[in-house]
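Since the structure comes first, as structure tokens, the remarks are kept for the end.
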Amino acid sequence: MDEDHSRQLRQQNILAKFGELALQSDDLDEILTEACRLVGEALGTDFAKVVELQPDGNTLLVRAGVGWKDGVVGVATIDVADDTSEAYALKTGEPMISPDIDEETRFRYADFLIDNGAKAVANVIIIGGKDRPPFGILQVDSRTRREFSEEDVAFLRTYANLLAAAVDRLRVLKEVRDTSTRLRLAFEVGELGSFEMDMASGRTTGSDRYHRIFGNPAPGADWTWDALLDRVVPDDRDNVADAMRSALAEDQELRIECQILRGGDRALRWIELRGRQDSEEGIRLVGIVADITDRKLAEQSLVATNETLEEKVSDRTALLAESNAQLDAFAYTVSHDLRAPLRAMEGFARILLEDHGAKLGEEGERYASRIVGAATRMEVLINDLLAFSRVQRADVAIKVIDPARAVRSAIAELRGSGFDESVVTVDVAPSFPLVRADRTILAQVISNLVVNAAKFKAPDRRAHITIWAEPRAEGVRIWVEDDGIGIAPEHQTRIFNVFERLHGQESYPGTGVGLAIVKTGVERLGGTYGVETSLGAGSRFWVELQAAEDGAREEPA
Ligand code: ADP
């Protein structure tokens with residue numbers, strides 16, 4: 001009884017001693033080693049260890065111990081296999097005792113235990129913190145066979161729980177330290193000052209940087225919300241006071257951007273202030289402040305740059321429009337003024353031919369004829385260019401008109417230019433839907449399509465042109481279809497550009513201006529255009545214009 005009593009007393013002493021150490025020390029290895037030493041002493045084995053469950057969940061590492069040879073503590077591991085006492089202790093949370101390893105039939109023990117002379121083992125789990133896996137196992141070893149009494153086991157349980165609490169305390173401590181390190185770094189990198197304000201008095205304590213941002217002489221300066229408001233420039237002061245009032249009233253995050261006159265150098269700075277209420281101990285506002293002057297200046301200069309950029313773009317656009325208009329006028333004048341000397345040249349060459357042909361001789365006559373030919377081609381070119389220029393420059397008068405008129409006048413023009421009706425036949429639809437367009441421009445567009453349809457006929461074959469229109473979702477589409485030579489796919493876009501031609505003058509004379517007139521004209525009418533064709537299979541050119549409203553009547557010219 002006496003012996004029991006003194007053992008109990010020893011064990012209680014040891015619990016108390018360990019409890020003190022566990023609260024004082026921040027060093028996990030020191031706590032674990034001391035735990036092993038004391039438990040060995042308490043149970044009189046002087047032989048114990050703590051094995052720590054590794055993150056993989058399958059290995060236990062001998063983290064601390066007493067009575068072991070070199071090469072065990074910090075090195076040896078135990079596999080958490082099903083047939084070990086450690087696995088069993090971890091799984092069930094119950095203490096596992098092997099009074100004699102040699103006689104043990106339930107479990108297998110790691111070799112290093114036997115090598116170190118362990119004969120008996122008691123395993124007690126060291127639980128983890130809330131919702132965490134166990135930390136590991138406290139193992140009391142014995143070099144001789146040993147029965148662990150009920151009292152021993154009860155002591156070990158209490159002891160292991162104390163150890164678990166100590167380990168968890170250190171884990172939490174480490175987390176808090178890590179978090180505050182991260183926070184401190186974030187504050188440094190973000191150049192943020194932090195503060196706490198008592199809402200009743202407005203009294204504020206701030207970090208060094210907080211006070212530097214406000215230009216206060218020393219940290220710990222006697223600083224209040226009113227003093228802060230005093231630094232805010234008069235224009236911003238009411239807004240800042242309002243923001244604070246409504247953040248308090250609505251229990252919301254405080255968020256202020258304002259300008260201050262910094263203490264000391266009286267420099268004008270932008271600051272951003274954010275805070276949240278914390279009502280645990282009275283009402284406090286906890287928050288951060290940053291000097292955002294550089295960002296603000298950058299933003300302002302960006303806005304200024306954008307404004308000047310916009311101004312520049314609109315200036316340039318106006319300049320460009322003006323120089324385009326000048327260019328158009330120039331082209332028109334040049335073309336127009338070229339006509340008179342050209343006519344003179346042509347006229348004189350004809351006179352030479354007609355009145356002085358005999359004197360010129362054969363060679364002279366040939367040259368004079370070539371002058372007449374060249375002058376004629378040039379006149380065609382000048383006329384086409386003038387027509388193109390007119391489509392670009394003409395005033396557009398959009399009216400409700402009947403496309404049939406434009407078609408009729410195009411065909412009349414074709415006849416006037418001497419096309420042979422026995423070679424080219426034209427079929428025109430009996431009626432057309434009314435459109436909204438400019439009469440002159442539409443006539444030019446249709447005329448160029450019809451002239452081309454007649455011109456690009458297949459050689460040695462009669463040509464047939466069909467002209468009709470159909471209502472579309474977006475408007476009215478007018479078609480000019482021929483059964484001529486067609487156009488290869490790769491050329492179907494570029495032929496609408498000015499001077500783009502696919503043939504030499506000998507096979508198909510022309511200037512390459514006709515389809516440019518179609519394109520520009522349709523664009524000026526707000527319509528669209530296109531062609532469906534392939535080489536040798538005829539072409540279907542179309543233009544799509546705005547439809548007249550239902551029931552509208554054609555307006556007079
Ligand atoms: P031009 O008729 O004076 O050559 P255009 O601008 O009217 O100039 O036409 C450009 C080119 O597009 C023509 O040279 C021709 O190669 C091709 N093209 C135009 N219309 C047709 C058509 N109906 N069939 C085949 N090719 C055409």
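A compact table of results
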| item | result |
| --- | --- |
| Residue within the stretch 487-508 that is loosely packed, with under 15 Cβ neighbours inside 10 Å, in a helix (DSSP H, G or I), in contact (Cβ under 8 Å) with a residue 24 or more places away in the chain and more than 9 Å from the ligand (Cβ to nearest atom) present | yes |
| Residue among 434, 414, 502 that is aliphatic (A, V, I, L, M) and within 30 Å of residue 550 (Cα to Cα) | 434 |
| Answer from 191, 151 - the residue that is of a type outside the set (A, V, I, L, M, F, W, C) and closer than 20 Å to residue 286 by Cβ | 191 |
| Contacts under 8 angstrom Cβ, first residue in the stretch 274-296 being within 20 Å of residue 187 (Cβ to Cβ) and outside any strand (DSSP E or B), partner among the polar types (S, T, N, Q) and at pLDDT 90 or above, 6 or more apart | none |
| Some residue of the stretch 516-533 being over 20 Å from residue 468 (Cα atoms) and near the ligand (Cβ under 9 Å from one of its atoms) | yes |
| Every residue from the stretch 391-411 that is closer than 16 Å to residue 513 by Cα and surrounded by fewer than 16 Cβ atoms within 10 Å (Cβ to Cβ) | 393 |
| Only listed residue being loosely packed, with under 14 Cβ neighbours inside 10 Å, of a type in the set (D, E, K, R) and assigned to a helix (DSSP H, G or I), chosen from 236, 178, 152 | 178 |
| Qualifying residues in the stretch 199-231 (those that are in a helix (DSSP H, G or I) and loosely packed, with under 15 Cβ neighbours inside 10 Å) - the one modelled with the lowest pLDDT | 208 |
| Condition check for residue 374: within 16 Å of the ligand (Cβ to nearest atom), within 19 Å of residue 509 (Cα to Cα) and aliphatic (A, V, I, L, M) | no |
| Single unsatisfied condition, residue 75 versus (1) surrounded by fewer than 20 Cβ atoms within 10 Å (Cβ to Cβ); (2) in contact (Cβ under 8 Å) with a residue 40 or more places away in the chain; (3) among the hydrophobic types (A, V, I, L, M, F, W, C) | (2) |
| Identity of the residue in the stretch 257-271, at pLDDT 95 or above and within 15 Å of residue 210 (Cβ to Cβ), that ends up surrounded by the fewest Cβ atoms within 10 Å (Cβ to Cβ) | 269 |
| Residue match in the stretch 59-70 (condition: surrounded by 14 or more Cβ atoms within 10 Å (Cβ to Cβ) and over 22 Å from residue 114 (Cβ atoms)) | no |
| One residue from 126, 137, 114, 101 being within 21 Å of residue 39 (Cα to Cα) and loosely packed, with under 14 Cβ neighbours inside 10 Å | 114 |
| Unmet criterion (only one of (1) modelled with pLDDT of 95 or more; (2) near the ligand (Cβ under 7 Å from one of its atoms); (3) of a type in the set (S, T, N, Q)) for residue 511 | (1) |
| Qualifying residue in the stretch 541-557 (condition: more than 7 Å from the ligand (Cβ to nearest atom) and touching a Pro at 6+ places or on another chain (Cβ under 7 Å)) | yes |
| Identity of the residue in the stretch 444-486, near the ligand (Cβ under 9 Å from one of its atoms) and polar (S, T, N, Q), that ends up farthest from residue 403 (Cα to Cα) | 452 |
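The values are calculated or read from the model by the stated rules, or taken from the named source; none is laboratory data. Predicted, not measured: the structure shown is a model, and the values here were computed from it. Methodologically, a virtual Cβ is constructed for each residue, glycine included, from the backbone with ideal geometry; neighbour enumeration extends over all protein chains shown.
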